[in-house]
Structures are given as structure tokens and as C-alpha cells.
Amino acid sequence: NSIWVSTDHDEIEKVAKQFGAQVHRRSPEVSQDSSTSLEAIREFLNHHHEVDIVGNIQATSPCLHPSDLIKVADLIQKEGFDSVFSVVRRHQFRWSEVKKGENKMTEPQNLNPAKRYRRQDWPGELYENGSFYFAKRHLIEKGYLQGGKMAYYEMRAEHSVDIDIDIDWPIAEQRVLSFGYFGKEPLKEVKLLVCSVDGCLTNGRIYVTEDRKEMVSYDYRDVVGINLLKKRGIQVRLISERDCSKTLSAMQLGCIAEVNATNKLQVLEDWQKDMGLSWKEVAYLGNEESDVECLKKAGMSGVPADACAVAQKAAGFICKSNGGCGAVREFAEHIFLLLEKVNSARKQ
């Protein structure tokens, strides 16, 4: 009936409202590092007496699909369950822990070593994956998210992603691109990548010789990335606020470029219209405040790791590489993952 974001952060509130959610401002008491989701939900219910069922969706599980939520809502609203939570099937053999210094052997917990199952012959076990918890008000007011007449909802393994520690991020990014929900509109192939020259293709530094000649450095991996994009049928164009035509000519990239661009967004819109592309078919790699509007418009947007703060906030993808140090190649790989997602959807 309503979608709420619970937060005490101004920027999160702003983004949530942009996407159509309502915002509940958390109190400082339930906004501590040690605060639990249950505490935040109970505070929310104290201010919203009209709510009788809460679906708590965890932000750390980004591969959740609307179809799963609809089925879970039906379990509570139509089949009378008091609480429903998400699980995933795992095929992992468990052994008892032997602490250091204990004089005993480990024991099998869910297998007979003499008759080990093959993975395909064993149904596995169900584990909570933390993706969501649905519960009725009377349970939550008692301090429970699980209880009463309970049911689990088994999610597909490819949709079960939990970001717990920093090394989970790259795995989650790959999973979202391969199995994430991208809306009802069909995915579009990227047909054009526009890349800002200074700070993306180069590291932004300009070396000046005694005779006033300018020199810049670039990473050959980025050149390889541009060539790979071209081989995949993606046109690459370059844009710069300064006149770097001699530098680009020397690099021999074979890309259309617009230099002395005082209005990058206008240039991007002109290219998009001339090529007859939708915004979902346009990717943009930028790093400065002048790139922000382009990053917002493009269907796929990225910035190098050392991009300015406002550009990072506007981008959908932040590279691990700095500008001029492989960021273009890294963003190209990101685009290739999306293309795999598009091709997979077509086959289905």
C-alpha cells in the first residue's frame, strides 16, 4: 500500500523521494551503529497506526525482484500467515567446530562421510538469506519479526545476494548486472559511450615543456578498452572542455571528439538525437562537476575512483581505477556485463 524509506540522512531522503518513496525520519535513538532493524520498524509503527503489515526489505540484498514480494504479500494477506521470511537453498556440508587446544575430533553435522551425496542428488538445506522479513503488527509490537503462523519463501540462488563485508561488493555488482531487476521496460544495448578526456582518458595532469608544449599521459589498457567497445559495435566519442585536439590526434584513437565544449550536456544531446538513440542506449564516463548533468541523463553512467564528490553521487558506477589508469577499460567491462544481461534476457 505504501513504500517507505527509514533514514536519518538528508541525502538518502532526497534520493528516496526522487524515486517516489515516502520517508520516515528516524530518531537518533534508533540511528546508532548498534541499532537493529526491529527497533526502527517499531518506531515507524508508533507513528503509523494505519499500518498492520510490514515488509522489511534489506538494502544489502540488491537482487530482489517485485514478483517475489507480490507472492510473499499474498502469503500473509490471503493465506493467513503471521510472518514470512526469505531463505535460499545451500548445498554445503557442515562439520562441528574444534576450538584450538581442545583434544577432540570434528564430527559431521549433516552428512555421512562414507556415503557422501553428489550435489545433484542431495536436496540441500534452507538458510535465511536476510533479503526480507514480512510480519503483522501484533508480532512486531511484541518484539518479533518471526513468529506465530510462520512460512518461509525460497528465493532463487542467483537472486540471493547479501552484502556483508567489503569483498561482497564486486560479487553483488556482477550478480545485479546478470540477474538484477531492471524494470518492466526491456533492456537496451549500449550503442554509444561518451568519455570525458581530462581525468578519465588521461589522469588530468598536463606537463609543460620549456618551449611551452603540452604533454599528457594515458594508460594503454584504456586504448584496448576503446578498441574492444568498437569491435562490439559500440561507438566511442570523446569530449573535453579544453582544446586537446593535437593530443587526441597523436593518440590515434579514431574517435569523433568535441573539444572546447562549454556545454557538455548540449553536445551529448545533439549526438544522441543525431544517432537516433534512446538515453538507455547511451553510456557516459565523466569525472567533474561539468559532467554531472550528462551522468544523470545517460542510461549507464560511470566515474573514475578519483572523480569529484558531486560526480560520484550522480554516477551509477564508480570504477576502482583512477582516471588515466585503466578506468575506461574497467567501465568497458561494466558495459560488456550489461550486454550479457541483454543477450540472456533475449534468449529467455
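The values are calculated or read from the model by the stated rules, or taken from the named source; none is laboratory data. Bear in mind that the values here come from a model prediction, so they are computed numbers and not experimental data. Using ideal geometry, Cβ is built from the backbone for each residue, glycine included, and neighbour counts are taken over all protein chains shown. Note: accessible area is taken over every heavy atom of the protein model, side chains too, but ligands, DNA and RNA are not part of it. Shrake-Rupley method; radii C 1.70, N 1.55, O 1.52, S 1.80 Å.
Here are some notes:
- The selection criterion, being in contact with a strand residue (DSSP E or B) (Cβ under 7 Å, 6 or more places away or on another chain), surrounded by fewer than 18 Cβ atoms within 10 Å (Cβ to Cβ) and either closer than 21 Å to K188 by Cβ or not assigned by the TED database to the domain that holds I226 (or both), holds for G316.
- All conditions but one from (1) surrounded by fewer than 22 Cβ atoms within 10 Å (Cβ to Cβ); (2) farther than 22 Å from R232 by Cβ apply to A307; the one that does not is (1).
- Residues that are at pLDDT below 75 and either open to solvent by 70 Å² or more (accessible area, probe 1.4 Å) or assigned to a strand (DSSP E or B) (or both) within the range 183-208 comprise K184, E185, P186, listed in sequence order.
- Note on the range 68-107: residues that are in a helix (DSSP H, G or I) and open to solvent by 60 Å² or more (accessible area, probe 1.4 Å) amount to 3.
- Scanning the range 254-264 for residues that are over 24 Å from L338 (Cα atoms) and either polar (S, T, N, Q) or not in a strand (DSSP E or B) (or both) returns G254, V259, N260, A261, T262, N263, K264.
For (1) closer than 14 Å to N1 by Cα; (2) among the β-branched types (V, I, T); (3) modelled with pLDDT of 95 or more, each residue gets a yes or a no:
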| position | (1), (2), (3) |
| --- | --- |
| V54 | yes, yes, yes |
| A59 | no, no, no |
| P62 | no, no, no |
| S67 | no, no, no |
| D82 | no, no, yes |
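- Test: residue in the range 209-223 that is touching a His at 6+ places or on another chain (Cβ under 9 Å), open to solvent by less than 50 Å² (accessible area, probe 1.4 Å) and of a type outside the set (S, T, N, Q): no
- Any hit, the range 57-64, residues being open to solvent by less than 100 Å² (accessible area, probe 1.4 Å) and over 20 Å from the mean Cα position of the chain (by Cα): no
- Any chance A40 is within 25 Å of the chain's Cα centre (by Cα), not in a loop (DSSP other than H, G, I, E, B) and not assigned by the TED database to the domain that holds H159: yes
- Residues satisfying the stated conditions in the range 108-124, i.e. closer than 12 Å to R94 by Cβ and open to solvent by 40 Å² or more (accessible area, probe 1.4 Å): P108, Q109
- Residues (open to solvent by 10 Å² or more (accessible area, probe 1.4 Å) and either among the charged types (D, E, K, R) or in a loop (DSSP other than H, G, I, E, B) (or both)) located in the range 224-247: K230, K231, R232, G233, R237, E241, R242, D243, K246
- For the range 157-172, the set of residues classified as surrounded by 12 or more Cβ atoms within 10 Å (Cβ to Cβ), in contact (Cβ under 8 Å) with a residue 24 or more places away in the chain and either closer than 23 Å to A135 by Cβ or out of contact with any Phe, Trp or Tyr (no Cβ under 6 Å at 6 or more places or on another chain) (or both) consists of A157, H159, S160, V161, D162, I163, A172, listed by residue number.
- Residues that are within 20 Å of G130 (Cα to Cα) and open to solvent by 50 Å² or more (accessible area, probe 1.4 Å) within the range 1-31 comprise I3, W4, listed in sequence order.
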